[in-house]
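Read through the structure below, which is laid out as structure tokens, and then see the notes.
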Amino acid sequence: SQQGEEDPQALSIQEGENATMNCSYKTSINNLQWYRQNSGRGLVHLILIRSNEREKHSGRLRVTLDTSKKSSSLLITASRAADTASYFCATYTGANSKLTFGKGITLSVRP
Amino acid sequence: GAVVSQHPSRVICKSGTSVKIECRSLDFQATTMFWYRQFPKKSLMLMATSNEGSKATYEQGVEKDKFLINHASLTLSTLTVTSAHPEDSSFYICSAPREAYQETQYFGPGTRLLVL
């Protein structure tokens, strides 16, 4: 069953703008991860935030986690056309290394 | 860095035939690999956990006899779709946790299966 629910489901922005994507989940987690998927390809790990962390940065990525609201956000600053992809949040509970993925957000960055 | 490969990248087969998909970890050992199925514009659905040297663990609702998984070595897991039907057409992706960091996973590039 799916744990994460991202919103919006689709996002279209102009190059240079910031993109914010949100994810909500239902159960307690060990950490939350964001992955990127280019069309017809596998997923690439972007960033991981642990349950005891509130914010994390990696390059143009900023992720926040609010465990009281069971939600996370991924911010991509100064977006580029190459950022066009689907983005998934995935929760990790520590059981058997399994990840549970949300439905994904399709981001389109217009040049 | 560590990479996971899948073969074939796409396959078209006739209904009733069986198709084998390979998932390899290229420069690390993976005692566990995961198989996912993804429908168009949908999320990944975990099908099963492949365990080296033991039986795979299937998720609820996934037919074990339909989707045979074999994890014969520390670098190879195979998924065989037996007696494939058009409804089995999908994008199949495997992944493996990094050896030292079980929390994140490397994903293969996926296999597009089309059953006619």
- [ ] Any chance you could look up the accessible area of B:Leu26 with a 1.4 Å probe, heavy atoms only, rounded to 10 Å²?
- [x] 100 Å²
TODO: Roll a 1.4 Å probe over the protein heavy atoms and report the accessible area of B:Arg98 in Å², nearest 10.
DONE: 70 Å²
- [ ] Starting from the Cα of B:Lys41, draw a straight line to each of the lysines and keep only those under 19 Å, dropping any in the same chain fewer than 8 residues away.
- [x] A:Lys103
TODO: Starting from the Cα of A:Lys56, draw a straight line to each of the lysines and keep only those under 17 Å, dropping any in the same chain fewer than 8 residues away.
DONE: A:Lys70
Task: Counting all C-alpha pairs of chain A, share separated by more than 24 Å (%) - done: 18 percent
Task: Overall dimensions of chain B by Cα: Rg and Dmax, Å - done: 13.3, 42
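Between chains A and B, what is the buried accessible area in Å², counting both sides, with a 1.4 Å probe and ligands, DNA and RNA left out, to the nearest 100?
1600 Å²
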TODO: Sort by residue number and name the cysteines in chain B that have no neighbouring cysteine Cβ under 4.7 Å.
DONE: B:Cys13
Task: Theoretical gain in end-to-end length, B:Thr82 to B:Ser9 [0.36 nm per residue, Cα-Cα removed] - done: 24.5 nm
Open item on the list: Between B:Leu114 and B:Asn70, what is the label-point separation in nm under the 7 Å Cα-to-beta-carbon projection?
Closed with: 2.8 nm
Open item on the list: In region B:1-44, what residues drop by 40 Å² or more of accessible area when the other protein chains are put back, versus the chain on its own? Use 1.4 Å, and skip ligands and nucleic acids.
Closed with: B:Ser43, B:Leu44
Open item on the list: Can you give me the solvent accessible area of A:Tyr92 with a 1.4 Å probe, rounded to the nearest 10 Å²?
Closed with: 20 Å²
- [ ] Holding the Cα-Cα limit at 30 Å, pick out from A:Lys69/B:Lys64; B:Lys20/B:Lys42; B:Lys42/B:Lys66 the pairs that are longer than that.
- [x] A:Lys69/B:Lys64
Task: Ratio of the Cα radius of gyration of the protein assembly as shown to 2.2 N^0.38 Å, where N counts its residues - done: 1.02
- [ ] May I ask for the net charge around B:His7, where only other residues with Cβ less than 13 Å from the Cβ of B:His7 are counted and Lys, Arg are +1 while Asp, Glu are -1?
- [x] +3
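The values are calculated or read from the model by the stated rules, or taken from the named source; none is laboratory data. Note that the structure is a prediction, hence the values are computed from the model and not measured. Note: ideal-geometry Cβ built from the backbone for every residue, glycine included; neighbour counts use all protein chains shown. Protein only, heavy atoms only, side chains kept; ligands, DNA and RNA dropped before computing areas. Shrake-Rupley method; radii C 1.70, N 1.55, O 1.52, S 1.80 Å.
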